[in-house]
Amino acid sequence: MAKDEPLKPDTEQQGRQVPLALDLLEPGSDDLQVERVSQKLPQGITAKMLYSDVVRIAWPSLIELTLTQLTSMVDLMMVGGLGPWAITAVGLSVQPRFLSMTMFIAMNVGATALVARYRGAGKPERANEVLRQALLLSLILSVLCGAAGYIYADRLIAFMGAADAETLAGGTVYLRIQMLTLPIFAVTSTITAALRGVGHTRVAMAYNITANVVNVIFNYLLINGHYGFPRLEVAGASLATSIGQVAAFIMAFTVILRGRHYLHLRFRDGFRLQWQHLYNIFNIGIPSMIEQLAMRAGAIIYVRTVASLGTLAYATHQIGMNIQALSFMTGQAFAVSATSLVGQSLGKKRSDMAQSYSNHTRRLGLIISVILGIVFFFFGRQIVSLYTDEPEIIAQGARILKMVALVQPAQSSQFILAGALRGAGDTRATAVVTFLTVLLVRPSLAILAINGLGWGLDGAWVALLIDQLLRSGLILLRYRSGRWKKVRIK
């Protein structure tokens, strides 16, 4: 079989999936790009077709990501019944866990962009080679990171600012359980990233929803102990999450073994290193890793600054962050569409379609972000009261959600356009923006507001608001420059 010869006709590989508007067009050429991009829409393409493609890819991701975050919220609500210390213990474990995920998640960005390019270029064999290399990388990196995270879990939680022995013990056991199943989560996330690259988001939605249901069931059984199960408190919450991750892994691995969704993992093809694919993955992934490391370092400094305000203030902060993360899901879901469609369009040498897809994706995201902003602004007190009955936490949490509401449109635009840039392989620009805003601006302003001006927790959220607005503006400037259209992948 020739290297780029399709395993099957492309339509057969996709089952009954309706073709994208992009699939109806002939491949472009560099000579035609400038002329086509100057048009409002490519010839023969309507706005309805573009919106249909965007929604078809985004809605499964939106449901999947939203339910995942709702599960996280339910986790925190259930843990919240144990007291503010438990909320703080779980919250302090979040950043070390994210830090341990940085490397393989960054490599997943490269895998998504490459798979999307090869899908657009009609090269399924290349896409499957990238999948195998990405799985190998994820497994190696996650085993190393998981081992380090497990060994140093207590020191990491203490470093994050645990204020008492109960919080330190709870955060340590929570983090250690997560580290044990990190390789399973890593492999699943790589499969998800590859499937999103070819636009098959329904499959990922199915197995991640199943994982969330399993998670919630075991939360109920293990946190407080029901139906004969032991009462494990914070450890039970972490164990429930891990059990859900195992369920998702089994389903995701089965999907790529069957090979019904363009991607097909065949063990007989082997897992030998292929340096060209590794170079491309690292070329896109390393800037993304730098971005993730900058984000995690900035977040850790920020969290330590907030933790200095005490357990009650940090519990309030964690609730606010947990609710804000729900609003991230809309932007991230549409960013999946932008990444997949921009990558496939550029793989077909249709930068006109790449720009049209990203613009229409951004408009849809804007509409939903406004609706979310209205909900957060007017119903913040009721939402926060789902977590706790502490009057002080409810009052301050409601104020925080008003700030979250105001930043929703800019936040949505930032996620979607950053997704478009990543789909093009332009990860260096987003890395620079993240370094400037999350690592420098947000922590500096938080330290000034809390320690210098004495604004307390409200000051920390003012810093976060400024960070989001500045980041959104810089990402928009990069997108409008059009340089992302010129990124080449060998």
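Of Gly373, Gly365, all but one fail to be closer than 20 Å to Leu50 by Cα and small (Gly, Ala, Ser); the exception is Gly365. Against the list (1) in a helix (DSSP H, G or I); (2) surrounded by fewer than 24 Cβ atoms within 10 Å (Cβ to Cβ), the condition Lys349 fails is (1).
Looking across region 394-410, the residues that are out of contact with any Lys or Arg (no Cβ under 9 Å at 6 or more places or on another chain), in a helix (DSSP H, G or I) and of a type outside the set (Gly, Ala, Ser) come down to Gln396, Arg399, Ile400, Lys402, Met403, Val404, Leu406, Gln408, Pro409.
The condition of being surrounded by fewer than 16 Cβ atoms within 10 Å (Cβ to Cβ) and in a helix (DSSP H, G or I) holds for only one of Gly454, Gly473, Gly419, that being Gly473.
So for region 337-350 (the condition being without any contact (Cβ under 8 Å) to a residue 40 or more places away in the chain and either more than 30 Å from Arg119 (Cα to Cα) or among the charged types (D, E, K, R) (or both)), does at least one residue qualify? Looking for residues that are without any contact (Cβ under 8 Å) to a residue 40 or more places away in the chain and either more than 30 Å from Arg119 (Cα to Cα) or among the charged types (D, E, K, R) (or both), one finds none in region 337-350, hence no. There is at least one residue in region 430-442 that is in a helix (DSSP H, G or I) and within 23 Å of Ile393 (Cβ to Cβ). Does at least one position in region 252-263 carry a residue that is part of a helix (DSSP H, G or I), over 20 Å from Ser93 (Cα atoms), in contact (Cβ under 8 Å) with a residue 12 or more places away in the chain and not hydrophobic (A, V, I, L, M, F, W, C)? No, the conditions are met nowhere in region 252-263.
Mind listing whichever residues of region 138-169 are of a type in the set (Ser, Thr, Tyr), assigned to a helix (DSSP H, G or I) and modelled with pLDDT of 85 or more?
Correct list: Ser138, Ser142, Tyr150.
Does Gly28 satisfy the criteria of being out of contact with any Phe, Trp or Tyr (no Cβ under 6 Å at 6 or more places or on another chain), modelled with pLDDT under 70 and not hydroxyl-bearing (Ser, Thr, Tyr)? Judged against the criteria, Gly28 is a match. Output yes when any residue across region 129-137 is in a helix (DSSP H, G or I), touching a strand residue (DSSP E or B) at 6+ places or on another chain (Cβ under 9 Å), modelled with pLDDT under 90 and not hydroxyl-bearing (Ser, Thr, Tyr), and no when none is. Scanning region 129-137 turns up at least one residue that is in a helix (DSSP H, G or I), touching a strand residue (DSSP E or B) at 6+ places or on another chain (Cβ under 9 Å), modelled with pLDDT under 90 and not hydroxyl-bearing (Ser, Thr, Tyr).
The values are calculated or read from the model by the stated rules, or taken from the named source; none is laboratory data. No experiment lies behind these values; they were computed from the predicted model shown. A quick note on method: Cβ atoms are made from the backbone with ideal geometry, for glycine too, and the neighbour counts reach across all protein chains shown.
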